[in-house]
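Participant: First the structure, then my questions, so here it is.
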Amino acid sequence: MSYQGFMSRVSTEAQDLYDIKNEAAEFYRVNGVPEEIERALNELFFNKPEDVHGYLANYFTNLSAPPRISRLKGREVYDARGQLAIETEVFCIICNKEKSMSSSAISSHFGPNETSLDWKAKCEERADHVMTAAQWINEPLNNMLKGQNPCDQSDVDHILSNFFMARYLEEKDIQNKEKEESRSPSEAEVVLSSPLSAQTKDKKSVDKGKKSNTAEKSFPPAEPPEPVLPGSLAIGSVSLAVAKTGAKTQGIPLYKYIAALKNREVPTQFHIPVSLVTLLSCGKTSPGKLTLLEEVILIPKAGQRVKQILTMTLELQKEMMRIVDTSTKAGSKGKYEIATGVLKSPDELVDLYQTLISKYPAVVALIDPFRREDIDQWEKLSNVIRNSCSLLSDITYKSKAPPLPGVRGHILKHIHETTVSDLICITSEHQGSVLMGTTYSEPCSDDSLSDIAVGLGLDYIKLGGLRSADTMTKFNRLISIEEELAQQGILVSEEKHPPPLFTEKPQEQSATAENTASVLIQKVGLI
């Protein structure tokens, strides 16, 4: 190579190096790197930490870009009863690396079954729901939430709710089309029948109605069951997983994160909801076949620590199980079955509740004592019991429905398409809420329900009995939160009036209520 060629090459390399240096300098200047390095070194010198590089790592980590959701992973898991459930795992890009941040599963609507045929059908239905939920998470929801900041809970929940509503409307449209296509020619003829035949039909209906009225009073028709869209579990599961991710990225517990979402900032004081503990499970699957009551639940007095409550409950459970009775079964339509073979009309049931509450002052609340359709009986019972007992109603699916007469408290469950933002909204609009775990199909050892109840600032939480490992996981989490708040000096004890729950006026504390009280939770229906 000639001297001139060599010099030309050196000149080109020098120019390239010079250009790179200028680009680097401009890159650093635009991103404020020299200033931050100078500031970091100055702070490092004045603080003189033992771990120099750890200090610098933390300093620059705090300057890193906010985390972004990179992907979601939905997987089929098994719940406490060995049945299929859905779990969501959230991955985020943090400091240019993808990390698994959190996972969550929530309860489903499927309850226990009484026959093998029902069990088989329910298993198939559950599998369809879980499979659809996994598809939603891994495909459309994964794409829709990619790049979202996990701390923007309201934005994420808005996307989830809109997606669910679109799927719900699609399913409804499909069902309507199927109904139209399945209409038979005879149904079309009925629509086009002559006025004479219609009048004849109406008269027969009236005559038939008169006969039935003389035999027995008619009851309002039951409301149609709330439709559960296959895949809806994905919505609640993703929402909770994102909330847990947001809390983790901010370095705070989930209960403080939810409290900040609800109150716009982290409160300076917290209280632990009073734990409603199941003493005795009833219903048709129980040994006693007592169908009036679903559960008998202990309501501890305000101010007791969770550990004290659990110890007391275990002692009471032993005593109650000793006096459980059994009976035989019979049946008749149009009545409430309060015990096997014992049937009551709605009006008779009002009298039974009144007698029960008068005889046992420890009964301080009834949850859904009637169907929602029996408005007259709700009002009548409310008038006769007044402040001696509270009426509570489940609003998980009926948060926008008109209030029932006499209802002072509300039951809320985190299931299906319910998002964290929904829980915040409902508990803000409805004063006097009890957050309940389901009595079956519990999420897979997820203790988030305890954090949610504390974060929402609820007065009561119902986690279940003391025989389930998953339930004890939630109680242990509640104990952990209580101890943490006490150590930080921000735990306060709410001075509530004694039972009944959510009364309008404080009552004189009776000797019975001073120690413990029990609430009857029942889900009776016409048979």
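Participant: Hand me the list of helices (runs of 4 or more DSSP H) wholly inside segment 419-506 holding 2 or more residues that are modelled with pLDDT under 90 and closer than 26 Å to Val363 by Cα.
Facilitator: Because the criterion is at least 2 residues that are modelled with pLDDT under 90 and closer than 26 Å to Val363 by Cα, the helices (runs of 4 or more DSSP H) in segment 419-506 that meet it are 469-488.
Participant: Which ones in segment 341-369 are open to solvent by less than 10 Å² (accessible area, probe 1.4 Å) and within 24 Å of Glu223 (Cβ to Cβ)?
Facilitator: Correct list: Pro346, Leu349, Val350, Tyr353, Ala365, Leu366, Pro369.
Participant: Could I ask something else about it? Would you check which residues across segment 382-438 are under 15 Å from Lys462 (Cβ atoms), hydroxyl-bearing (Ser, Thr, Tyr) and out of contact with any Asp or Glu (no Cβ under 7 Å at 6 or more places or on another chain) and list them?
Facilitator: Within segment 382-438, Ser390, Thr396, Thr427, Ser433, Thr438 qualify.
Participant: Condition first: part of a loop (DSSP other than H, G, I, E, B), open to solvent by 70 Å² or more (accessible area, probe 1.4 Å) and at pLDDT below 80. Now tell me which residues in segment 259-291 satisfy that.
Facilitator: Scanning segment 259-291 gives Lys284, Thr285, Pro287, Lys289.
Participant: Name the residue that is farthest from the chain's Cα centre (by Cα), counting only residues in segment 231-252 that are assigned to a loop (DSSP other than H, G, I, E, B) and surrounded by 18 or more Cβ atoms within 10 Å (Cβ to Cβ).
Facilitator: Taking the candidates together, the pick is Gly231.
Participant: Restrict the check to segment 391-407 and report whether at least one residue is of a type in the set (S, T, N, Q) and open to solvent by less than 10 Å² (accessible area, probe 1.4 Å).
Facilitator: Within segment 391-407 (the criterion being of a type in the set (S, T, N, Q) and open to solvent by less than 10 Å² (accessible area, probe 1.4 Å)), the answer is yes, since at least one residue qualifies.
Participant: Only residues that are at pLDDT below 90 and open to solvent by less than 80 Å² (accessible area, probe 1.4 Å): list them for segment 67-85, please.
Facilitator: Answer for segment 67-85, where residues must be at pLDDT below 90 and open to solvent by less than 80 Å² (accessible area, probe 1.4 Å): Val77, Asp79, Ala80, Gly82, Gln83, Leu84, Ala85.
Participant: Also, I was wondering about something else. How many of the residues making up segment 53-66 are without any contact (Cβ under 8 Å) to a residue 24 or more places away in the chain and either touching a Pro at 6+ places or on another chain (Cβ under 8 Å) or open to solvent by less than 60 Å² (accessible area, probe 1.4 Å) (or both)?
Facilitator: Residues in segment 53-66 being without any contact (Cβ under 8 Å) to a residue 24 or more places away in the chain and either touching a Pro at 6+ places or on another chain (Cβ under 8 Å) or open to solvent by less than 60 Å² (accessible area, probe 1.4 Å) (or both): 5 in total.
Participant: Name, by its number, the condition in (1) open to solvent by 40 Å² or more (accessible area, probe 1.4 Å); (2) within 11 Å of the chain's Cα centre (by Cα) that does not hold for Leu412.
Facilitator: The failed condition is (1).
Participant: Return only the number of the condition from (1) open to solvent by 60 Å² or more (accessible area, probe 1.4 Å); (2) touching a strand residue (DSSP E or B) at 6+ places or on another chain (Cβ under 8 Å); (3) aliphatic (A, V, I, L, M) that Val90 does not satisfy.
Facilitator: (1)
Participant: Can you list the helices (runs of 4 or more DSSP H) lying wholly within segment 106-194 that have 1 or more residues being open to solvent by 70 Å² or more (accessible area, probe 1.4 Å) and either modelled with pLDDT of 65 or more or of a type in the set (Lys, Arg) (or both)?
Facilitator: Hits in segment 106-194: 116-136, 142-145, 153-182.
The values are calculated or read from the model by the stated rules, or taken from the named source; none is laboratory data. Since we're looking at a predicted model, the values are computed, not measured. Using ideal geometry, Cβ is built from the backbone for each residue, glycine included, and neighbour counts are taken over all protein chains shown. The accessibility values were calculated without ligands, DNA or RNA, using every heavy atom of the protein model including side chains. Shrake-Rupley method; radii C 1.70, N 1.55, O 1.52, S 1.80 Å.
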